[in-house]
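One structure below.
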Amino acid sequence: MQSLEILVGVGAASAAAIGVIRRARPRVVQRDPQRAFAEAQRQAIFARAQNRCEHVSALGLRCRRAPTHADHIHPWSKGGATTLANAQALCARHNLQKGSRVPSGWYVHRLERRRRSYFPSGEPESVVGRIGRR
């Protein structure tokens, strides 16, 4: 209580400098118990991408490299599921460039749209990223 009495009339910036303002608690993320894709899943991910990296540049050109990484579209560290619906085939360069960023809705929309041209018929193009969510 003594620290609160001292802060009467002190601005928020000053209170933050003193360290009295509480920090927000980190959000708890529900994670899939399976972290890595199984070898059979990796092979299916690469096959449905026709053994090409799925990254597309700003000019609309698809990368020509062979995929080496099965990537979580919605990162596992942020609650992404380890399923085929949340997977894309990327070369090492593009997977490392993406990192653990959460994709925008626009990125997901463009990925689903361009998958129509190369996914096998009957294979769903839709991305289901998080556990229990779209």
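Odds and ends about this structure:
- Subtracting the Cα-Cα distance of SER57 and ARG93 from 0.36 nm times their residue separation leaves 11.7 nm of extension gain.
- Measuring with a 1.4 angstrom probe and ignoring ligands and nucleic acids, LEU84 comes out at about 60 Å² accessible.
- Solvent-accessible heavy-atom area per residue, rounded to whole Å², over segment 68-109 at 1.4 Å: 44 Å²
The values are calculated or read from the model by the stated rules, or taken from the named source; none is laboratory data. Since the structure is predicted, the reported quantities are computational estimates derived from the model, not experimental observations. Ligands, DNA and RNA are excluded from the accessible area calculation, which covers all protein heavy atoms including side chains. Shrake-Rupley method; radii C 1.70, N 1.55, O 1.52, S 1.80 Å.
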